[in-house]
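Here is the structure we will look at.
Quick note: the coordinates plus some simple rules give every number you see, no bench work behind them. Bear in mind the structure is a predicted one, so any value in this text is a computation, not a measurement. Don't worry about glycine lacking a Cβ; one is built from the backbone with ideal geometry, like all the others, and counts go over all protein chains shown.
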Amino acid sequence: MKGSSLARPPDRCERLNELREITWRLHLKSPPLAVHAMFTTDSGRERFWAEKSIERSGQIQFQFIDGLALTCKILENTSPKRFVFEYFGGSVVTLDLTDDGVGGTDLTLHATGVRHAEEWPGWVSVLLALKAASDYNVDIRNHDAKRTWDQGYCDN
């Protein structure tokens, strides 16, 4: 490519002609209660997902490094087994957590009503950041507003 900047892949934000579903599974060595807390507490969400998270009156206010702000409605919170919330474009995300029998967690993420193709890789980025933070106490995000998802960086 010419120039010093990378072009954003043309289909990354492609709006889908029909609503789709996403399902991802992830194994974590952390127990379900700890994984559940990563999604359901402000401090947990700030460890791997958002720069700032404020939960108030059944809603989560996310602030991301690129300046994007998003308010999500919590639809269900059953500790330590399930967390359901509305996300980008009105998609509904269900996180089911099951004990793996040896102290870890099998997580299944299921998103319905997905409107944009970039949500597939976006959830992989979020889930791998979760694994790093939850299992290894490492924040793999770069926290650099000049190197975000919108600039083509694999970072949430």
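Summary of computed values
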{"read-out": "Residue satisfying condition, being in contact with a Pro (Cβ under 9 Å, 6 or more places away or on another chain) and either farther than 25 Å from H143 by Cα or acidic (D, E) (or both), within set G113, G104", "value": "G104"}
{"read-out": "The range 122-152: number of residues that are exposed (fewer than 13 other Cβ atoms within 10 Å of the Cβ) and part of a helix (DSSP H, G or I)", "value": "1"}
{"read-out": "Verdict on D99 being exposed (fewer than 15 other Cβ atoms within 10 Å of the Cβ), more than 21 Å from L19 (Cβ to Cβ) and among the charged types (D, E, K, R)", "value": "yes"}
{"read-out": "Residues being out of contact with any helix residue (DSSP H, G or I) (no Cβ under 7 Å at 6 or more places or on another chain) and of a type in the set (S, T, N, Q) - total across the range 99-119", "value": "2"}
{"read-out": "Checking T94 against (1) surrounded by 19 or more Cβ atoms within 10 Å (Cβ to Cβ); (2) under 14 Å from W24 (Cα atoms), the condition it does not meet", "value": "(1)"}
{"read-out": "Any hit, the range 68-89, residues being among the β-branched types (V, I, T), surrounded by 15 or more Cβ atoms within 10 Å (Cβ to Cβ) and farther than 22 Å from D139 by Cα", "value": "yes"}
{"read-out": "Check on R115, outside any loop (DSSP other than H, G, I, E, B) and of a type in the set (K, R)", "value": "yes"}
